[in-house]
Amino acid sequence: MVAAAGSSGLKGKAGRPSHRNGARLKRLAGQIGVGIAFLALWQLVYMSGVVKPLISRSPGQVFWFFVQIATDGTLLPALYSTVEATVVAFVLASFVGVVIGIGLGLFPKVEELLDPYISAFNAMPRIAFAPVFILLFGVSQAAKIALAFSVVVFILMVNARAGIRTVDRDIRLMVTVMNISKRDMFMKILLPSAVPSIFAGLRLGIIYSLLGVVTSEILASRVGLGQLIAGYAGTFQLEGVYAVCIVLAVIASLLNAGMALLERYLLGARAL
Amino acid sequence: MAPSISPAAGTDGVAARISDVVMEFQTTSGPVRGLDDVSLELREGEFLVLVGRSGSGKTTALNVLAGLHTATMGEVSVLAQPPVAARPQLGYMFARDALLPWRTALKNVEFGLEVRGFAKSERRALARDYLDLVGLKRFADNYPSQLSQGQRQRVALARTWAPSPKILLMDEPFSALDAQTRESLHEELVRMWAADKKSVVFVTHDLNEAITLSDRILVFKDGKIAKEFSIPFARPRDLVDITADRTARDIYHEIRQLLYQH
Ligand SMILES: Nc1ncnc2c1ncn2[C@@H]1O[C@H](COP(=O)(O)OP(=O)(O)O)[C@@H](O)[C@H]1O
Ligand SMILES: [Mg+2]
């Protein structure tokens, strides 16, 4: 049994499962209803002709295009390439970002020196680096990973640093009175305090990783969902652009849900 | 067993002492004196209660004893040492519970033992005993967010007691509890205090609580000690008997007068 998403009032003795499943089914039915309504609206707009024919496509056209690229071997390699780059960039950037963020959180003096540069670098539109990464790494997975990394690493750095800094004041006093050792302070207080903030960063990070990879692919790549989008747009196959966009939306949702599951698994009943 | 705590040499029967202490805070509206020339002694084995209106300096006095504030003027010693050095033999329970949200009730109680270097097997057993003592055996595996305010306060109490500190500082520890729970915890506290010869400084705004528990009451006012009362009643004491007692009523009313007049 998967716990309901609205876990804010989690109290150990939640309602009976049958009751909760009923509520879940109702909600699911509602959500499907909204989806159908959206498709109907889309179809209506298409038929009314208010949108330029150049970019206007019906749900049916997009669906059949999707079926075609899914079965003719176009979609899967692109999907694999994009997801692989996303995951690699995310894992690398998360690790590096968390380590640096914790370091900055622990050593405010060092952070003071670096902060203006970190902020400035983080404020630069990273897409501007994409051509540099492509020149550096060639048209390759590495170029995509580099761009995504440069975005995600900052998200994790900022969140990990904030997490280390925001230890509850009373908890700080309590452990001070216990003459807590530096090591225990780090392992038993600072790190666990930072976990919620780090997870918030991870949830954002995975989505931004996908964004970075697709951006890089649109600019230049041999294979990938972004490359498909660029190709279809260049040949006015808008049904292809839409089909790939929908695939991206589904991937993003799945990644998000995966992170939520991982978080629930790791944090368990620790309500925050 | 707890790490052995031998009475520090040269304490003269005094567990802690504050001498002529001024504690001044710099605030946005200028300097504020939390303590304004305060002297007090906590005798070994004594149950000392501090009462006073809010802002009168009670918490500041505890913080100075715990070494959280360094006195602007005057001397502070705990077990004949500077406060920071005496911390291993000190238990401080705040008005707010300061539980770790990522640990269960049991693991929160274990925390104080872990940090003080108790062996793993020993601390699990001790933590269970103390959770049991505060009536939370069934809630050992609950996280703080799954406990009521009163239950959380009791976990904090068990955490403070478990390492068996020589000196206990307690800042309005029972104010969030219902009367029944509070009375049963009074009993436990007094029993522990009597059995282990602990020295206790206990802050409350409940005068009945103060009179039931204390050997001595210090009335704080505007950062000064306005008056001291000895509470002579034999123990064990019963809240109902005490409130009916004539001398106790007189003391109660005198403190009330002191607190209300300006
Ligand atoms: N950390 C602090 N910074 C500034 N002022 C403080 C601080 N702690 C206490 N004070 C001031 O000292 C006075 C006594 O406070 P406190 O000891 O907390 O009172 P009580 O516990 O009796 O309610 C108050 O005027 C309060 O504002
Ligand atoms: Mg106070």
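The values are calculated or read from the model by the stated rules, or taken from the named source; none is laboratory data. None of the values given here were measured: they were computed from a predicted structure. Neighbour counts are summed over all protein chains in view; Cβ atoms, including those assigned to glycine, are modelled from backbone coordinates with ideal geometry. All accessible areas refer to the heavy atoms of the entire protein, side chains included, with ligands and DNA or RNA removed. Shrake-Rupley method; radii C 1.70, N 1.55, O 1.52, S 1.80 Å.
Cross-link partners for residue B:107 among the lysines, with Cα-Cα distance under 29 Å and sequence neighbours closer than 8 places in the same chain left out: A:11, A:13, A:182, A:188, B:120, B:137, B:166, B:197, B:198. Residues of region B:136-150 that bury at least 10 Å² of accessible area when the other protein chains are present, relative to the chain alone (probe 1.4 Å, heavy atoms, ligands and nucleic acids excluded): B:143, B:145, B:146. As a rough guide to protection, the peptides B:192-204, A:146-158 ranked by mean Cβ packing within 10 Å, highest first, stand as A:146-158, B:192-204.
When Rg and the Kirkwood radius Rh are both evaluated on Cα atoms of the protein assembly as shown, their ratio Rg/Rh stands at 1.13.
Set against the 2.2 N^0.38 Å expectation for a compact globular protein, region A:59-270 has a Cα radius of gyration ratio of 1.23. Averaged over the residues of peptide B:89-102, the number of Cβ atoms from other protein chains lying within 10 Å of each residue's Cβ is 5. Remark: relative contact order (chain B) = 25 percent; criterion is Cα-Cα distance under 8 angstrom and separation of 6 or more residues. Applied to region B:205-213, the Karplus parametrisation 6.51 cos²θ - 1.76 cosθ + 1.60 on θ = phi - 60° returns per-residue 3J(HN,Hα) values of 10, 9, 5, 5, 4, 4, 6, 5, 8 Hz, with x for Gly and Pro.
So for chain A, averaging the separation of alpha carbon pairs under 8 Å that are six or more residues apart and normalising by length, what relative contact order in percent results? Intermediate results must be reported in sequence, preceding the final value.
On the way: 267 pairs, mean separation 63.6, N = 272.
Dividing the mean separation by the residue count of chain A yields 23 percent.
3J(HN,Hα) along region A:198-210: 5, 5, 4, x, 5, 5, 5, x, 5, 5, 5, 5, 4 Hz, from the Karplus curve 6.51 cos²θ - 1.76 cosθ + 1.60 with θ = phi - 60°, whole Hz, x for Gly and Pro. The H on the amide N of residue B:203, modeled in the peptide plane, is under 5 Å from the matching H of B:50, B:170, B:171, B:172, each at least 5 residues off or on a different chain.
Our summary of shape: the Cα atoms of chain B have principal axis extents of 51, 42, 41 Å, ordered from largest down, in whole angstrom. Rounded to the nearest 10 degrees, the inclination of helix A:238-267 to the longest alpha-carbon principal axis of chain A is 20 degrees. Annotation: extensible slack from residue B:175 through residue B:260 equals 28.6 nm (criterion: 0.36 nm per residue apart, minus Cα-Cα distance). For the Cα atoms of chain A, what angle does the longest principal axis make with the long axis of helix A:225-234, in degrees from 0 to 90, nearest 10? Compared with the principal axis, the helix lies near 40 degrees.
If R0 equals 41 Å, the separation of the Cβ atoms of residue A:56 and residue A:115 corresponds to a calculated FRET efficiency of about 0.25.
Residues of region A:172-206 whose accessible area (probe 1.4 Å, heavy atoms of protein chains only) drops by at least 50 Å² once all protein chains are present, relative to their chain alone: A:174, A:177, A:178, A:179, A:188. Ligands, DNA and RNA excluded, the heavy atoms of residue B:164 present near 30 Å² of accessible surface to a 1.4 Å solvent probe. Ordering A:130-139, B:40-49 by mean Cβ neighbour count within 10 Å, with the highest value first, yields B:40-49, A:130-139.
How much area per residue is accessible in the protein assembly as shown when the probe is 1.4 Å and only protein heavy atoms are counted (Å²)? It would help to have the intermediate numbers written out before the result.
Numbers: 27080 Å² over 534 residues.
Per residue, the protein assembly as shown has an accessible area of 51 Å².
For region B:14-260, DSSP calls about 55 percent of its internal beta bridges antiparallel.
For region B:216-261, the alpha carbon convex hull comes to 76 Å³ per residue, rounded to a whole number.
Starting from the exponent 0.38 and prefactor 2.2 Å, build the expected Rg for region A:20-134 from its residue count and divide its actual Cα Rg by it.
On the way: Rg = 23.4 Å, N = 115, 2.2 N^0.38 = 13.4 Å.
Relative to the rule-of-thumb radius for its length, region A:20-134 sits at 1.75.
Nearest 100 Å², what total accessible surface is buried between chain B and chain A (probe 1.4 Å)?
Protein heavy atoms only, the B-A interface buries about 2100 Å².
Given a 1.4 angstrom probe, I'd like the percentage of the accessible area of region B:14-260 that is carbon and sulfur, rounded to a whole number. Please list the in-between numbers first.
Values: 5020 of 10510 Å².
Exposed carbon and sulfur together represent 48 percent of the surface.
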